[in-house]
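Here's the structure, in structure tokens; my notes come after.
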Amino acid sequence: MSYLQNQISAFKSSVNSSAGKVANKRTAGATATAGPSSAPSRPSGSNQNDLKRKRPEPANIVYSQPANTGSGKSIMTNIVYITDWLKDASEKRKAPKTLKEIIDFSSIPGITEEQVRNIGRILMTHDKVKYDPEGDGGKGTYSYRPLHDIQSADRLLGYLQSQPTFKGLSVRHLKDGWLESADAIDDLELQGKLLVTRNKKDNQAKMVWPDDPSLGFAIDEEFQNIWHKIKLPEPAALADELEREGLTPANKSRAVKAKVVKQEKKTKKPRKGGKTTNVHMAGVLRDYSHLKK
């Protein structure tokens with residue numbers, strides 16, 4: 001018993017010493033936390049996110065297609081704006097423009113006299129600009145040059161009749177210089193002076209050709225009534241009638257009948273050069289080869 005008691009007392013003493021060491025460590029840790037710290041305090045995760053510098057979100061810019069600002073420093077860029085402006089002025093029946101008016105419209109920042117002269121030279125030879133050297137008292141004026149210089153019904157008829165071939169004119173090309181041509185085309189069609197093709201969707205004129213009203217022939221009303229009284233057979237009945245006569249209707253494809261090929265029966269040829277057996281019994285066995293089919 002004395003041995004067991006010694007073991008128990010030794011175990012209790014070790015437990016007590018361990019508990020004292022743990023308590024001392026906790027007290028020292030609490031003292032260090034409560035005291036002033038020489039190291040700077042670090043912000044929490046949320047504060048770090050708040051203190052981070054926010055980058056501006058990039059805009060969805062398509063650099064291959066720059067923004068249309070209405071003007072630019074490039075001369076050729078401004079030539080496009082100038083021709084569109086002259087076209088708009090022509091459609092509104094405004095007077096031709098001088099070079100000064102054109103430069104004022106373009107509003108090129110810091111334009112020089114050399115650039116002004118270059119713009120004037122380019123417009124003089126431009127295929128969409130008509131230059132009049134006598135305009136504005138000899139200073140020269142500029143106006144839009146349409147695909148066809150036609151702005152009246154008489155000019156339209158004169159242009160179509162002057163063509164060496166019976167070639168029509170696209171209404172879309174005609175409206176490039178005469179935006180209000182639709183009413184004149186309708187009137188000329190009613191007078192029998194124009195042949196017009198139209199779009200099925202909106203019935204707008206698409207192409208025009210010259211026509212001669214003197215070639216029109218009036219048919220007597222009696223013949224018109226006789227013509228309209230003739231009844232045409234129904235399409236289904238007409239197709240049946242053609243098939244009865246051995247004709248194929250145009251709306252049916254002619255089916256080619258395949259020829260029936262008769263297959264000949266193959267007859268088995270007698271075997272030649274076979275090996276003869278049972279030679280030693282030739283006098284006993286009978287020959288039935290003549291009975292083969």
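The values are calculated or read from the model by the stated rules, or taken from the named source; none is laboratory data. What you see is a predicted model; the values in this text were computed from it and never measured. Methodologically, a virtual Cβ is constructed for each residue, glycine included, from the backbone with ideal geometry; neighbour enumeration extends over all protein chains shown. Heavy atoms of the whole protein, side chains included, go into the accessibility calculation; ligands, DNA and RNA do not. Shrake-Rupley method; radii C 1.70, N 1.55, O 1.52, S 1.80 Å.
Just name the residue that is farthest from His148 (Cα to Cα) out of those in the range 173-185 that are touching a residue at least 12 places away in the same chain (Cβ under 8 Å) and open to solvent by 30 Å² or more (accessible area, probe 1.4 Å).
Ala182
I'm trying to understand the selection: among the residues of the range 96-133, which are open to solvent by 60 Å² or more (accessible area, probe 1.4 Å), out of contact with any Gly (no Cβ under 8 Å at 6 or more places or on another chain) and touching a residue at least 40 places away in the same chain (Cβ under 8 Å)?
Lys128 - this is the single residue of the range 96-133 that is open to solvent by 60 Å² or more (accessible area, probe 1.4 Å), out of contact with any Gly (no Cβ under 8 Å at 6 or more places or on another chain) and touching a residue at least 40 places away in the same chain (Cβ under 8 Å).
Taking the range 200-228 as the search range and keeping residues that are outside any loop (DSSP other than H, G, I, E, B) and touching a residue at least 12 places away in the same chain (Cβ under 8 Å), which one is most open to solvent (accessible area, probe 1.4 Å)?
Applying the filter and picking the extreme gives Lys206.
Can you pull out every residue in the range 126-171 that is among the hydroxyl-bearing types (Ser, Thr, Tyr), under 18 Å from Asp211 (Cα atoms) and at pLDDT 90 or above?
Within the range 126-171, Ser152, Tyr159, Ser162, Ser170 meet the criteria.
For the range 139-176, how many residues meet the condition of being among the basic types (Lys, Arg) and in a loop (DSSP other than H, G, I, E, B)?
Adding up the residues that qualify gives 4.
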